[in-house]
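*Asks:* Please read through the structure below; I'll follow up with questions.
The values are calculated or read from the model by the stated rules, or taken from the named source; none is laboratory data. It should be emphasised that the depicted structure is a prediction, and the values quoted were computed from it without experimental measurement. Note that each Cβ is placed from the backbone with ideal geometry, even for glycine, and that neighbours are counted across all protein chains shown.
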Amino acid sequence: MPSDAAQGLLLIPQISGYAKFVGEVELAHSEHIIAELLEFLIDHNRLELLLSDLDGEALVFYGLGDPPSAQAVLEQADAWTSGFHTHLKLLQRDLYCPCGACQDVGELGLHILAHYGDFGVHSFRGRSAVIGKDVIFARQLMENSLTARDFLLLSAPLIERWGGAGAVAGALPHEEEYPVFGKVSLAYRDLGGVRDAAEAPASAEGFPSLPGSITAEVAIAAPLKSVAEFLIDIPHWPDWVDGLERIELNASVPLRSGRHHVCVMNGRRLHHTMQRITEGNDDFTMAMRIQPPVPFWSSAFMEFSVQVSGGGVNVRHTYCYRPKPLWGRLFDRMAAAKLRQKSERSLENLRGLVEAGARSAPAG
């Protein structure tokens, strides 16, 4: 396990707010979200630095030899920050989960440290990692008193390598004191403006126009929220969906656009992918793409829509599909009515569960 002395750049992006995030919310969802964000940072390593290791909520990148230019490092920090917050906005658009991890994802930020120094490259089991005093120093710098939600922190050795503070546009002087390293001179850029300029994603796509449809409806004497809670509780769909034997899904993945699950009915596996979930004061919609195991349709979607009506809600279950030329006509003649009846029975089962729950709920 040889260690070769080297000199170069250490660049460490760290997700801020992580400790609070995982300490106060459901662990499985928070881990999934943090892992997705770290993968985003790895995929958008524009400087093509080497990845040393993953340190909880931080990634340690390094590059040997002369550092990239100040402009290149600033552009990397801006690109990471902009993309990171665009991705957070995408998560906020697509996540539909009441847990704290999903509700508070928009509160996360990004702290980035850039340092130039000496370190060893340690090889073990087919991968390399950096070790040494400057690595410890860089990790220590991540513990600082800056209060900005997003920032780039620059060490004095790196700034000197660039020719002084004048080479770094927008950098402000900063100083920290550490038990081992004493007073340390630094500079930082507040990246709040980059965060605020991050693009918001477009609205989630709706259904394409498809020629076939099957619809069933039921009126339920219960609040909109109560009905929506039953619909989004996909693991418990077998409690009311007619003929559904079980659900196969990864429970650690939050409910969001793109999440996949499988419905097993009569031994057949029907693949579902969440398309969108929207909720207003008087309406709720959950739509998903389905891939049935039979050759009747070339494409299909399923939607639950809930609309406040009178003292309760009206729930509509719709299949939209594009039939194949021959098999589609066969389906319309032989199976469409049965599928509608199954939908009607399912909605009646749902009505019974929701209304029973509403009657048993405490007043107020």
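*Asks:* If I ask for residues that are in a strand (DSSP E or B) and among the polar types (S, T, N, Q), which ones from the range 99-127 would you list?
*Replies:* So the first thing to find is which residues in the range 99-127 are in a strand (DSSP E or B), and the list is 109-124, 127.
The one that is in a strand (DSSP E or B) and among the polar types (S, T, N, Q): S123.
*Asks:* Within the range 36-75, which residues are assigned to a loop (DSSP other than H, G, I, E, B) and small (G, A, S)? If you could, list the steps in order and put the result at the bottom.
*Replies:* Restricting attention to the range 36-75, the residues satisfying the condition of being assigned to a loop (DSSP other than H, G, I, E, B) are 44-49, 56-57, 65-69.
Across the range 36-75, the qualifying residues are G56, G65, S69.
*Asks:* Go through the range 205-227 and give me each residue that's modelled with pLDDT under 80 and surrounded by fewer than 14 Cβ atoms within 10 Å (Cβ to Cβ).
*Replies:* Once the filter is applied, which keeps residues that are modelled with pLDDT under 80 and surrounded by fewer than 14 Cβ atoms within 10 Å (Cβ to Cβ), the range 205-227 yields E205, G206, P208, S209, P211.
*Asks:* For residues in the range 115-143 being among the basic types (K, R) and over 20 Å from E160 (Cβ atoms), which is nearest to the chain's Cα centre (by Cα)?
*Replies:* Our first condition is that a residue be among the basic types (K, R); within the range 115-143, this holds for 125, 127, 133, 139.
In the following step, the residues that additionally are over 20 Å from E160 (Cβ atoms) were identified as 125, 127, 139.
On the way: R125: 31, R127: 28, R139: 26 Å.
Across the range 115-143, the extreme among qualifying residues is R139.
*Asks:* Does V105 satisfy the criteria of being under 26 Å from the mean Cα position of the chain (by Cα) and over 13 Å from Q14 (Cα atoms)?
*Replies:* Here the answer is yes, as V105 does meet what is asked.
*Asks:* Can you say whether A58 is under 30 Å from the mean Cα position of the chain (by Cα), of a type in the set (A, V, I, L, M, F, W, C), at pLDDT below 95 and on the phi < 0 side of the Ramachandran plot, as far as the supplied structure shows?
*Replies:* Working: under 30 Å from the mean Cα position of the chain (by Cα): yes; of a type in the set (A, V, I, L, M, F, W, C): yes; at pLDDT below 95: yes; on the phi < 0 side of the Ramachandran plot: yes.
Here the answer is yes, as A58 does meet what is asked.
*Asks:* Could you grab me the full set of residues in the range 49-63 that are without any contact (Cβ under 8 Å) to a residue 60 or more places away in the chain and surrounded by 15 or more Cβ atoms within 10 Å (Cβ to Cβ)?
*Replies:* Within the range 49-63, the first condition is being without any contact (Cβ under 8 Å) to a residue 60 or more places away in the chain, and the residues that meet it are 49, 51, 54, 56-57, 59, 61, 63.
If the condition is that a residue be without any contact (Cβ under 8 Å) to a residue 60 or more places away in the chain and surrounded by 15 or more Cβ atoms within 10 Å (Cβ to Cβ), then L49, L51, E57, L59, F61, G63 are the ones that fit.
*Asks:* Going by the structure shown, is E217 without any contact (Cβ under 8 Å) to a residue 24 or more places away in the chain, within 28 Å of H271 (Cβ to Cβ) and not assigned by TED's automatic domain parsing to the domain that holds G109?
*Replies:* Details: without any contact (Cβ under 8 Å) to a residue 24 or more places away in the chain: no; within 28 Å of H271 (Cβ to Cβ): yes; not assigned by TED's automatic domain parsing to the domain that holds G109: yes.
No; evaluated as a whole, the condition is false for this residue.
*Asks:* Can I ask one more? Wholly within the range 255-314, which strands (runs of 3 or more DSSP E) include no fewer than the required count, namely at least 2 residues that are among the charged types (D, E, K, R)?
*Replies:* Values: elements: 260-265, 268-279, 283-291, 297-309.
The qualifying strands (runs of 3 or more DSSP E) are 268-279, 283-291.
*Asks:* Can you find a residue that is surrounded by fewer than 16 Cβ atoms within 10 Å (Cβ to Cβ), without any contact (Cβ under 8 Å) to a residue 24 or more places away in the chain and either of a type in the set (D, E, K, R) or in contact with a Lys or Arg (Cβ under 9 Å, 6 or more places away or on another chain) (or both) anywhere in the range 77-94?
*Replies:* Within the range 77-94 (the criterion being surrounded by fewer than 16 Cβ atoms within 10 Å (Cβ to Cβ), without any contact (Cβ under 8 Å) to a residue 24 or more places away in the chain and either of a type in the set (D, E, K, R) or in contact with a Lys or Arg (Cβ under 9 Å, 6 or more places away or on another chain) (or both)), the answer is no, since none of the residues qualifies.
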